[in-house]
1. Taking only the C-alpha atoms, wrap a convex hull around the chain and report its volume per residue in Å³ as a whole number.
2. Taking the Cα centroid of the range 133-188 and of the range 93-125, what is the distance between the two, rounded to the nearest whole Å?
3. In the range 12-113, which trypsin sites (Lys or Arg not before Pro) are in a loop and have at most 15 other Cβ atoms within 10 Å, using DSSP for the loop call?
4. Keeping every protein chain present and rolling a 1.4 Å probe, give me the accessible area per residue for the chain in Å².
5. From the phi angles alone, apply the Karplus equation (6.51, -1.76, 1.60; θ = phi - 60°) to the range 89-99 and give each ³J(HN,Hα) in whole Hz, x where the residue is Gly or Pro.
6. Of all accessible surface on the range 146-188 at a 1.4 Å probe, what whole percent is carbon and sulfur?
Amino acid sequence: TAGEPIYGLFAIDPEQGASNTDLVREAREFLAALTPEQHDKATFPVDDPEWRRWSNTSSYVREGLGFDELTEEQREQAFELMRTAFSAKGFALSRDIMRLNHHLGELTNLPDRYSEWFYYLSFMGEPSETEPWGWQLDGHHLVVNYFVLGNQVVLSPLFTGSEPIIAESGRFEGVSIMEPEREKAYAV
């Protein structure tokens, strides 16, 4: 496009698509479970530049609310939001990437840099069935930008990966991701 937007490329029709009622409920319940300080840290205006602030690298200084700052109950509510927002395969992949990041911390002896909980949640706008809003999951090898308008959802940019891709020892021994994608790559 030579740097120029193409207007009208995708139709905006908030009533098209599957209902996001459950997603809005889960997001509201998660935000309601936060302390006022956590809520302030996790929320941004819907048009905030935070949408564009993300990185695959572990050294990037992230905004938002870290999973390491959540209670076990709050983490479970965050996972319920993810389960509602993602397919079963997408949720499993996300959790396994987080687990493999913990395994990387075990391998490198850098648990302060690589952990299952070094992922951050940011909410842009207020969860709504009619107004635009969204959320971001940002961490090492896992970045999901989830924009919602009515029943329409856009997941972009999206980044998934891991290094290593298999935990051969440690707390999450046996966790492995992206086997079909690996096999296709090897075939090429």
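1. It comes to 154 Å³ per residue, whole-number rounded.
2. Spelled out, the Cα-based centre of one part sits 12 Å from the other.
3. R113
4. Details: 10450 Å² over 188 residues.
Counting only protein heavy atoms, the per-residue value for the chain is 56 Å².
5. For the range 89-99, the Karplus curve yields 5, x, 5, 4, 4, 4, 5, 5, 4, 4, 5 Hz.
6. C and S atoms contribute 55 percent here.
The values are calculated or read from the model by the stated rules, or taken from the named source; none is laboratory data. These numbers come from a predicted model, not from an experiment. In this analysis, Cβ positions are derived from the backbone assuming ideal geometry, glycine residues included, and neighbour counts consider all displayed protein chains. Note: areas computed on protein heavy atoms with side chains; ligands, DNA, RNA excluded. Shrake-Rupley method; radii C 1.70, N 1.55, O 1.52, S 1.80 Å.
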